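The structure appears right after this line, and notes come after that.
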Amino acid sequence: MSPVPQPTSLAEEVVSALRAVVGAGSAALHEPSFGGNEWLYVKECLDSSFVSSVGKFVDRFESELASYTGAKHVVAVVNGTAALHIALKMAGVRIDDEVLIPALTFVATANAVSYCGATPHLVDSEESTLGMDAAKLRAHLVSQTEQRAGLCVNRATGRIIRAMVPMHAFGHPVDLDGLLAVAKDFNITMVEDAAESLGSYYRGRHTGTFGLFGTLSFNGNKTITTGGGGAILTNDPELARMARHLTTTAKVPHRWEFVHDEVGYNYRMPNINAALGCAQLEQIDGFLNSKRTLFERYRNAFAAVPGVKMLKEPSDCHSNYWLQALLLEESIAEQRDDILAATNDAGLMTRPAWALMSCLAPFRQCPSMSLEGAESLARRLINLPSSAFLSNRKANPP
Ligand SMILES: *Cc1c(COP(=O)(O)O)cnc(C)c1O
């Protein structure tokens, strides 16, 4: 007689699907891999004593990032938040302006707007990209704003909507064509938060190269890491020169004089971090292939689990699959916390999506459009263990 099959809960099914991919043992959400020239290049920094913000690795990292992304100019900085701060400032964002950002993002996007003295204006997300919904944004701007002297003004607050910051969530490119058309029609400058999307392409072009500026992050949990780090991308040589100036305390070059011609920032990336970055960038193709393999394996493993699906790259896009995301159907959304508990209990680190910016104390009062899409996604998203090396782990036999 065959044993009576035990009824399994959805949470248990998710744990076994994960085990089938990552094998026995625990798995973090995202860990870096240092299997290349990291030790060698960092040692070179120490031996040469160039550990700070001058040194050959900074120049090399910038030029290699430029050729990798296709951006004409790259300025390496201390982190992705600082990159966004300077990009927004240089895009003309001033005190009392408003800046359109997705409600569904990491808090850095909103913080950088606040550093400029401006207010985030929250935008809904669409399910296919997780990013800003261009059609809903257009309808919102049509009904809520007017053009005054070539600027987009929020009628309710009287403030200028100066910029928009689309964010490529978990590495999936947003609808850039739709958003660029909105930006153009409403006289709004685009700055892309491409912190999560190094190695992601929209219609064959690298994310972060569509707006006036794009910004990257090399935090420890990103696709490649410099420990902490970020970069500003732009195609405009004059803007690049100004960004470099502003991030190096606005010091006017001179052999000995200390002349600073405006309030600058100490935001340049140190050489020792850039050394790590150069070594990491040499390995990026391998990381991206592994992440794509990991996605395929998760997709197969979850195909048999009812009510869930793996989020895949939008059409015409190539995603880096930075963080793998499982999306629950609305009807089982209330089981999300059981799944989070069961997976974390099993040593498999999973996380919900970020709390929407509209739920955080500093941004609760921000102007906003209706956020049904983002609210639904926030209830249903679960990020899975996503480290590149997991695709090489020996899977558990089912
Ligand atoms: C990581 C990240 C940033 C920048 O983060 P830093 O830790 O400052 O490098 C900005 N926006 C988003 C969406 C991010 O995920």
- P(r) of the stretch 29-162 over all Cα-Cα pairs, binned every 10 Å from zero, in whole percent: 10, 26, 30, 19, 11, 4, 0
- Gaussian network model of the chain, Cα springs within a sub-10 Å range: biggest mean-square fluctuation belongs to which of TYR202, TYR265, TYR298? TYR265
- Query: Taking LYS72 as the anchor, which lysines have their alpha carbon closer than 25 Å to its alpha carbon, excluding any fewer than eight residues away along the same chain?
  - Reply: LYS56, LYS89, LYS184, LYS222, LYS251
- Could you pull out the longest piece of the chain with no exposed loop GluC sites (Glu not before Pro) in it, calling a site exposed if DSSP puts it outside H, G, I, E, B and it has at most 10 other Cβ atoms within 10 Å? 1-256
- Task: With only Lys, Arg, Asp and Glu charged, each at its Cβ (+1 for the first two, -1 for the last two), find how big the charge dipole of the stretch 279-338 is about the Cα centre; round to the nearest 20 debye.
- Result: 220
- For the stretch 199-306, with equal point scatterers placed on the C-alpha atoms only and solvent neglected, what are the log10 I(q)/I(0) values from the Debye formula at q = 0.17, 0.22 1/Å, to two decimals? -0.98, -1.26
- Query: Net charge near GLY220, counting Lys/Arg +1 and Asp/Glu -1 over other residues with Cβ under 15 Å of its Cβ?
  - Reply: -2
- Query: If you take the charge dipole of the chain about its Cα centre, with +1 on Lys and Arg Cβ and -1 on Asp and Glu Cβ, which of ALA20, SER48, GLY80 is farthest toward its positive end?
  - Reply: SER48
- Accessible area in square angstrom per residue, the stretch 38-281, 1.4 angstrom probe: 38
- Could you point to the residue in ILE224, ILE95, THR249 farthest towards the positive end of the stretch 38-281's charge dipole, with +1 and -1 charges on the Cβ of Lys/Arg and Asp/Glu respectively? THR249
- Convex hull volume of the stretch 70-141 per residue (C-alpha atoms, cubic angstrom): 119
- Task: Take every DSSP beta bridge with both residues inside the stretch 38-281 and express the antiparallel ones as a percent of the total, to the nearest 5.
- Result: 60
- Task: Name the residue, out of ALA194, ALA91, ALA76, whose mean-square fluctuation peaks in a Gaussian network model built on the chain with Cα pairs under 10 Å.
- Result: ALA91
- Message: From the mean inverse distance of alpha carbon pairs (Kirkwood) and the Cα radius of gyration, derive Rg over Rh for the stretch 107-230.
- Response: 0.98
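Hey, got the dipole for the chain? About the Cα centre, +1 on K and R Cβ, -1 on D and E Cβ, debye to the nearest 20?
Numbers: 35 positive and 41 negative charges, 95 e Å.
Roughly 460 debye for the chain.
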- D (µm²/s, integer) via Stokes-Einstein for the stretch 40-100, Kirkwood Rh across alpha-carbon pairs, 4 °C, 1.567 mPa s: value 93
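Only sites in a loop by DSSP and with at most 14 other Cβ atoms within 10 Å count here; which trypsin sites (Lys or Arg not before Pro) in the stretch 316-398 make the cut? Can you show the working numbers first?
Numbers: sites: ARG336, ARG364, ARG379, ARG380, ARG393, LYS394; in loops: ARG364, ARG393, LYS394.
Here the sparse-neighbourhood loop sites are ARG364, LYS394.
Which three semi-axes in whole Å describe the equivalent ellipsoid of the stretch 203-256, each the square root of 5 times a Cα gyration tensor eigenvalue, listed largest first?
Semi-axes from the Cα gyration tensor: 25, 18, 7 Å.
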- Can you list the lysines whose alpha carbon is less than 19 Å from that of LYS309, not counting same-chain residues fewer than 8 positions off? LYS291
- In the full protein assembly as shown, how much of ILE95 is accessible to a 1.4 Å probe, in Å² to the nearest 10? 130
- Message: For the ranges 149-155, 168-174, 129-135, 209-215, what's the packing order if you count other beta-carbon atoms within 10 Å of each residue, average per peptide, and put the highest first?
- Response: 168-174, 209-215, 129-135, 149-155
- Cα extents of the chain along the principal axes, largest first, in whole Å, come to 88, 60, 37
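Ratio of alpha-carbon Rg to the 2.2 N^0.38 Å globular estimate for the stretch 255-341, to two decimals, please.
1.82
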- antiparallel share of DSSP beta bridges within the stretch 58-195, to nearest 5, in %, is 35
- Item | Contact order relative to length of the chain, as percent, for alpha carbon pairs under 8 angstrom and 6 or more apart | 27
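In what order, largest first, do TRP322, TRP354, TRP39, TRP256 sit by accessible area if the probe radius is 1.4 Å?
Order by accessible area, largest first: TRP39, TRP256, TRP354, TRP322.
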- Given 37 °C, 0.692 mPa s and a Kirkwood radius over Cα pairs, the Stokes-Einstein diffusion coefficient of the stretch 134-207 in µm²/s is 250
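The values are calculated or read from the model by the stated rules, or taken from the named source; none is laboratory data. Everything numeric here is computed off the predicted structure, so don't read it as measured data. Here Cβ is always computed from backbone atoms with ideal geometry, including for glycine, and neighbour counts include all displayed protein chains. With ligands, DNA and RNA removed, areas are computed over all heavy atoms of the protein, side chains included. Shrake-Rupley method; radii C 1.70, N 1.55, O 1.52, S 1.80 Å.
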